[in-house]
1. Highest first, please rank the peptides 72-79, 93-100, 166-173 by the mean number of other Cβ atoms sitting within 10 Å of their residues.
2. Tyr313's amide H: which non-local residues (gap 5+, or another chain) put their own amide H closer than 5 Å, with H modeled 1.01 Å from N in plane and none for Pro or chain starts?
3. Compute the long axis of helix 297-307 from its Cα atoms, compare it with the longest principal axis of the Cα atoms of the chain, and write down the angle in degrees, 0 to 90, nearest 10.
4. Run through the range 227-314 and list the GluC sites (Glu not before Pro) located in a DSSP loop whose Cβ has at most 12 other Cβ atoms within 10 Å.
5. Mean shadow of the range 1-129, computed from the convex hull of its alpha carbons, in nm²?
6. Given a cut-off of under 8 Å on Cα pairs at least six residues apart, what relative contact order in percent is computed for the chain?
7. Can you pull the accessible area of Ser55 for me, 1.4 Å probe, Å² to the nearest 10?
8. Please list, by residue number, every one of the trypsin sites (Lys or Arg not before Pro) in the range 216-309 that is coil in DSSP and has at most 16 other beta-carbon atoms within 10 Å.
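The values are calculated or read from the model by the stated rules, or taken from the named source; none is laboratory data. Please read all numbers here as calculations on a predicted model, not as lab measurements. Ideal geometry is used to build each Cβ from the backbone, glycine not excepted, and the neighbour counts take in all protein chains shown. Side chains are part of the model used for accessible areas, which takes the heavy atoms of the whole protein and leaves out ligands, DNA and RNA. Shrake-Rupley method; radii C 1.70, N 1.55, O 1.52, S 1.80 Å.
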Amino acid sequence: MALSGFDIDAPRWDQSTFMGRLKHFFNITDCRTALLPDSRLVEAKALVESCRAGSTPPGTTEEQLHYAKKLYDSAFHPDTGDMMNLIGRMSFQVPGGMAITGAMLQFYRTVPAVVFWQWVNQSFNALVNYTNRNAASPITPKQIGVAYFTATSTALVTAVGLNLYTKKAPPLVARWVPFAAVAAANCVNIPMMRQQEILNGIAVTDENGSKLGHSRKAAVKGITQVVISRVTMAAPGMIILPIIMQRLEKYRFMQKITFLHCPLQVMMVGMFLVFMVPAACSLFPQQCSIAVSKLEPELRESITSKYGDKIQYVYFNKGL
C-alpha cells in the first residue's frame, strides 16, 4: 500500500538522547552498506528524493523507505547530497579501521614499521576527515595538503619519539605508543582539515533551518566535539587490546602461532569498532546547538536586532 504524507527526514529515534543517537548511528554505520554497488545507492537516493517531493512510488512500504534513508544517510553527504567516497564513509570505519589499527598494534617495535603504519593511518584519517567535513565551508587543495602534512608529521614525531623513549619502559607502555600518536594526530588533523570553518565561521540556523549567519565559535565547538569522538572511537581497542595481547602472548600456544597474531588483533579491533564507531559518533548530537549569548558579538547583535529574544539557540551540522 502506498504511503502518503510520510516524513522521511523525521528521525526514527530521539536524537536528543544518547540511546536514540546510538540506534541511529548503528543503523547508518552498518559496514554491510559499504559492500553495495553505487547503482543501489543511487536508487535509494532517488526514492528518498521522490518521497520528499510527495511522489512516493505506489506499493512502497514504510520499511523500504526506512532502508532507503539508511543507505542515503550512509553514503551521501548531509550538506551537499553528493555521494561520498567509499573509504571516507563512516560505514567503512570498521573494515578500514580494523585493518590499519590491527597492523599498528602488531608492528610497533621497529621505527620503519611505525613510520609506515602511522603514515597509512593518517592518510586514511585525512580522507575520512575531508569526506565528513561541514561542506558549507570549502577548503582549498593547498589547505588540504598542509593539513595532511601537519597531521602526518605530528603522528610520526609522536610515535617515533615515544617509541625510542619507551625502549627501557615496560613492554605494555610501548604497546600504547600507537594510541598516543593517533590521539595527538587527531588533535591536529581534524582542526587543520577544517580550518576554513574556524577562520571564516560555520553556517548557523534557527530551529526551522533558516540561515542566520556564520559563527567561528560554533565551528570551534563542533570541531572540538568531533576530536573527542574520534579519540574515544579509537581508545578502547588501542588501550585494552594491548593488555589482552600481552597476557595471551605468555601462553605457549600463542608463542607457536606468532604468524596469526596480526590477523587476531585485526579481528579483535573489529569487534571493538563495531560498537565504538556508532557509540563515539553518538556522544554529541549531529545537529549541534550553541546559545546565542555565546556567539560572537556582531552575530549575536544581528540576531537579537532582527528577532529579539525569540531565538535563544542556533544550530549547525558539526560534521563527523
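1. Numbers: 72-79: 19.6, 93-100: 21.4, 166-173: 11.5.
Put in order of decreasing packing, that is 93-100, 72-79, 166-173.
2. Result for Tyr313 returns Val292.
3. Helix 297-307 sits roughly 30 degrees off the main axis of the chain.
4. Numbers: sites: Glu249, Glu298, Glu301; in loops: Glu249.
Those that pass, being in a loop and sparsely packed, are Glu249.
5. Details: hull surface 37.9 nm².
The directionally averaged projection comes out at 9.5 nm².
6. Details: 458 pairs, mean separation 63.0, N = 320.
Reported relative contact order: 20 percent.
7. Its heavy atoms expose roughly 70 Å² to the probe.
8. On the way: sites: Arg216, Lys217, Lys221, Arg230, Arg247, Lys250, Arg252, Lys256, Lys294, Arg300, Lys306; in loops: Lys250, Lys256.
Loop-located and lightly packed - Lys250, Lys256.
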